[in-house]
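Peer 1: Handing you this structure, nothing more for now.
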Amino acid sequence: MSVELKLSRSNRIYRPSETLDGKIIVKTESPISHNGVRVTIKGSVNLQVRGGSAGVIESYYGVIKPIPIVKRTVEVGSSGKIGPGTTEIPFSVILRQPGKDLERFYETFHGSNINIQYMVAADITRGYLHKTLSATMEFIVESDKVDLLQRPISPEMVIFYITQDTQRHALLHELKSGGFRVTGKVCTQCSLSDPISGELTVEASAVPIHSIDLHLFRVESILVGEKIATETSLIQTTQIADGDVCCNLTLPIHVILPRLVTCPTILAGPFSIEFKISVVISFKSELSKSQVKVDPRTPRLWLAMETLPLELVRSK
């Protein structure tokens, strides 16, 4: 016998003011008796601090309690029997109950140290001598329409320039002496439904360019006692140019934001989720060939970079 959940929406995306609808599908070869069918929804912010997080002592690891968002159980079937074959049991659960759910419904997010997750579980209890039949599924929560910006935001463009003088780390001698200059603009406030857009131009470079990349980072911060543990991790890398670039040629920046690993920027009390982008220019060098795997956050002699904060919002 088997039990599975099927939600009314194939993309499993719901808003807090909506109803979670679906059905429990039971497949069995013979009739089974049960003591009731229940559906439970749970939502929480799960926090963890791993070794190496800045500013946190070891005794704090693993002691951070999850922040509950919602927990509700609804009985969708009284005790009885389920016949052989395939049986479908419909259910409907209100996600947010006005006046009862005081915690904010944050959007679904899967990070390194912070996970905002919503689950729906179905349980068919069968008494002490039989194992409970269960099925669990994750559903995705996005902001309510009333909480969204009324009109699409216009991308807030920030002008940047990258030269040997803007770099705080050591550079190759030929880069330091010959120089280079890259200018451009990129949006630093962006809707999750829109791409990160902008442009850049290589005005001059004494050393041939190997590639130009745009890195998207998430910055997760957790309040632990009186300290804040912050970890920056790479989400994705998008290549803007491959190989040497012609001078004074405008290159477009167009980066699609990934789902689930991004969300609207959150600045809550016990935790925060922020984002930033980094334009990284890699110059041709014999040193770079000896190091195939390079942490994009670590400055290298053959790299030049510019990092900018990125605010993500949900708009209509």
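Peer 1: Pull up all non-local amide H partners of S285: gap of 5 or more, or a different chain, and H-to-H distance under 5 Å with H placed in the peptide plane.
Peer 2: Residues meeting the amide H criterion: none.
Peer 1: Only sites in a loop by DSSP and with at most 10 other Cβ atoms within 10 Å count here; which GluC sites (Glu not before Pro) in the range 187-269 make the cut?
Peer 2: Sparse-neighbourhood loop GluC sites (Glu not before Pro): E226.
Peer 1: So who's got an amide H within less than 5 Å of the one on C187, skipping anything under 5 residues away but keeping other chains? H placed 1.01 Å off N, in plane.
Peer 2: Counting only residues 5 or more places away or on other chains, the set is V158, S197.
Peer 1: Return the long-range amide H neighbours of F139 (sequence gap of 5 or more, or a different chain), with a cut-off of under 5 Å between placed amide H atoms.
Peer 2: Here the answer is Y118, M119, V120, since their amide H atoms fall under 5 Å of that of F139.
Peer 1: Rounded to the nearest 500, what is the chain's calculated 222 nm mean residue ellipticity when only DSSP H runs of at least 4 contribute -39500 (n - 2.57) each, over all residues? Show your work: numbers first, answer last.
Peer 2: Numbers: 2 runs with 10 residues, N = 316.
The helix-only estimate for the chain comes to -500 deg cm²/dmol at 222 nm.
Peer 1: While we're on this one: Within the accessible area of the chain, what % is carbon and sulfur when the probe is 1.4 Å and the other protein chains stay in place? Mind dumping the intermediate values first?
Peer 2: Values: 8350 of 16520 Å².
Whole-percent figure for carbon plus sulfur exposure: 51.
Peer 1: Sticking with this one: Between L267 and E18, what's the calculated FRET efficiency when r is the beta-carbon distance and R0 is 22 Å? Round to 0.05.
Peer 2: My answer for the efficiency is 0.30.
Peer 1: Place a +1 charge on the Cβ of each Lys and Arg in the range 162-308 and a -1 charge on the Cβ of each Asp and Glu, then give the dipole magnitude about the Cα centre in debye, rounded to the nearest 20.
Peer 2: Approximately 200 debye in magnitude.
Peer 1: Tell me which trypsin sites (Lys or Arg not before Pro) from the range 110-218 have a DSSP coil assignment and no more than 11 other beta carbons within 10 Å of their own.
Peer 2: In loop regions of the range 110-218 (DSSP not H, G, I, E or B), the sparsely surrounded trypsin sites (Lys or Arg not before Pro) are K131, R168.
Peer 1: Specify the residue with the greatest mean-square fluctuation among S197, S79, S282, computed from a Gaussian network of the chain linking alpha-carbon atoms under 10 Å apart.
Peer 2: Greatest mean-square fluctuation among the candidates belongs to S79.
Peer 1: Please build a GNM for the chain, connecting alpha carbons under 10 Å apart, and tell me which residue among I13, I116, I277 fluctuates the most.
Peer 2: Taking springs between Cα atoms under 10 Å, the residue moving most is I13.
Peer 1: Taking only Cα atoms and a 10 Å spring cutoff, compute GNM fluctuations for the chain and point out the largest among G179, G36, G85.
Peer 2: In the Gaussian network model the winner is G85.
Peer 1: Would you tally the net charge around T183, using a Cβ to Cβ cut-off of less than 12 Å, leaving T183 out, and scoring K and R as +1, D and E as -1?
Peer 2: Charge balance in the 12 Å sphere: -1.
Peer 1: What percent antiparallel are the DSSP beta bridges of the chain, to the nearest 5?
Peer 2: Restricted to the chain, the bridges split so that about 95 percent are antiparallel.
Peer 1: Now, a different point. If you filter the range 226-281 for trypsin sites (Lys or Arg not before Pro), then keep DSSP loop positions with at most 15 other Cβ within 10 Å, what is left?
Peer 2: Working: sites: K227, R259, K276; in loops: R259.
Here the trypsin sites (Lys or Arg not before Pro) that fit, given the DSSP loop and packing criteria, are R259.
Peer 1: Once Cα extents along the principal axes in Å is worked out from the coordinates, which option in (i) 64, 39, 34; (ii) 83, 46, 42; (iii) 63, 54, 36 does it equal?
Peer 2: (ii)
The values are calculated or read from the model by the stated rules, or taken from the named source; none is laboratory data. None of these values were measured; they are calculated from a predicted model. Glycine also receives a Cβ, built like all others from the backbone with ideal geometry; neighbour counts cover every protein chain displayed. Quick note on the areas: whole protein, heavy atoms, side chains included, nothing else; ligands and nucleic acids left out. Shrake-Rupley method; radii C 1.70, N 1.55, O 1.52, S 1.80 Å.
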